[in-house]
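The structure appears right after this line, and notes come after that.
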Amino acid sequence: MRDADYNRSQSYMPNTPSLWLRLAISLLIASIFAPNAFASDWTAAEEQLARKVAGATGPGAVSLEITNTSSLGRADFDDIRRGLTTQLAYLGLRFVSAEQAAATIHISFSENLANYVWIAEIRQGNNEHSVAMVSLPRPPSSTTAHGPASLALKKTLLWAQDERILDATVLDGNPAHLAVLSASTLDLYGFRDGRWQAEQSFPVAHAHPWPRDLRGRLILRQDHLIDAHLPGVLCKSSTTAPLALNCRESDDPWPVANDPIRLNAFFAPARNFFPGALAPGLGKQTSAPAFFSVATLPRDKYTLALFAGVDGQVHVLDGISDRTAGNLGWGSDIASVHTECGSGWQVLATQSGTGPGDSIRVYEVPDREPILVSQALDFSGSIAALWTESNGNTAVAVAQNSETGKYEAYRLTVACSQ
């Protein structure tokens, strides 16, 4: 209130407030003391997170950055930011520039389908960074991914055919080429006159029958064109022209992560999954629970890996610990991509769609809990494969069209918020 003249005794204002004055005062009090039904929840969460942060840093000079990638509005964000800084100051923290700070703190506000998730990343000198986190329920009306963190997943049809497609990848260049792997051949197409045109077809030789649910993986190489990994078989292209494909029986592990992460896993040749042995390992962990697919995310001093396990759980490994991410409803195919959006790394995960086909969604993983940041991208049938391309920035999804029966390979790209 700018002044208190309203309550002075004036000739035109009786000493006893009128009905209109009482109503105005009531409305003013209501607007001050009931701005948000979740205000008390903000305070409790502010205190809880501040205690965790102060417990990690102790009193002293710190630099503080707070960002919002959730659906919180500007007013709520400002209120929470003020509350957090007040609580931290009360616990003995002084806010200075990063050059003068004994510790740096980055607090981000994010969310999943049910909760707001506040995460504080704390770095002190050369010590490994620590993470503090609190969560609190979201309002019932906030149930979909939106706000600053929302990303868009887009698909571009690359190729369709009757035979099952195990994997496909684009060889960017002028002209661009497309490699398509099936059970019997590796086919190479060139992009001319606005479409893919067949150039070469190489047979995939193998001595033993394929398993019923066949899988395959294409990897572009620097010293030769391409590798094709299939159960118990490794095919390598020649290093010189004319191009040829040489296949041999092999129990070599498959590459399951792209640069800058190198992670290989042994594939069960008679099955459709990875038993869990890793080569090289993930930090101190040389094995994971048996899994169908994996999405890797680099951190400053370690790698976080999410495994879609054959047990139906998503296992989160960081080189030391193995945790489960809870009931996410994900399918057996997941992959990670490196983009210019959000944190820079996202996870693509399959799920059952609302129609006759499957869908894929995009998730951020600020700590250990995946957070939905896109709407569902629907497909007209079930997804048979999802692999990150060798460039690491895009992925390829293969789906069987429920109407035509054809297998369709799509390139997936993540677009940032506009």
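No lab work stands behind these numbers, since they all come straight from the coordinates. Note that the structure is a prediction, hence the values are computed from the model and not measured. Backbone-built Cβ (ideal geometry, glycine too); neighbour counts: all protein chains shown.
The tail of the calculated P(r) for segment 39-137, taken as Cα-Cα distances beyond 17 Å, holds 46 percent of the pairs.
Among all the lysines, which ones have a C-alpha under 17 Å from Lys236's C-alpha, if same-chain residues fewer than 8 places away are not counted? Straight-line reach from Lys236, under 17 Å: no lysines qualify. Counted over the chain, the DSSP beta bridges are approximately 90% antiparallel. Using the Cβ-Cβ distance between Arg82 and Arg195 with R0 set to 56 Å, the FRET efficiency from 1/(1 + (r/R0)^6) comes to roughly 0.45.
In plain terms, the chain from Arg368 to Asp251 could stretch by 38.9 nm, reckoned as 0.36 nm per residue minus the Cα-Cα distance. Ellipticity at 222 nm from helices only: DSSP H runs of n ≥ 4 in the chain, each -39500 (n - 2.57), divided by the residue count, give -4000 deg cm²/dmol. On the basis of the beta-carbon distance and an R0 of 30 Å, Gln100 and Ile66 show a calculated FRET efficiency of 0.95. Taking label points 7 Å from Cα along the Cα-to-Cβ direction, Thr43 and Asp300 give a separation of 3.4 nm. Net charge near Cys341, counting Lys/Arg +1 and Asp/Glu -1 over other residues with Cβ under 13 Å of its Cβ? Net charge around Cys341: -1. If R0 equals 30 Å, the separation of the Cβ atoms of Arg221 and Asn272 corresponds to a calculated FRET efficiency of about 0.75.
For the chain, the equivalent ellipsoid derived from the Cα gyration tensor has semi-axes of 53, 25, 18 Å, listed largest first. Cross-link reach is defined here as a Cα-Cα straight distance under 25 Å, omitting same-chain residues fewer than 8 places apart; for Lys154 the lysines meeting it are Lys406.
Ordered by the count of other Cβ atoms within 10 Å of each Cβ, fewest first, Glu389, Glu47, Glu340, Glu369 give Glu340, Glu47, Glu369, Glu389. The alpha-carbon of Lys284 sits under 23 angstrom from the alpha-carbons of these lysines, leaving out residues fewer than 8 places away in its chain: Lys301. From least to most packed, judged by other beta carbons within 10 angstrom and beginning with the fewest, Phe266, Phe109 follow the order Phe266, Phe109.
By the beta-carbon count within 10 Å of each Cβ, the least crowded to most crowded order of Lys406, Lys284, fewest first, is Lys284, Lys406.
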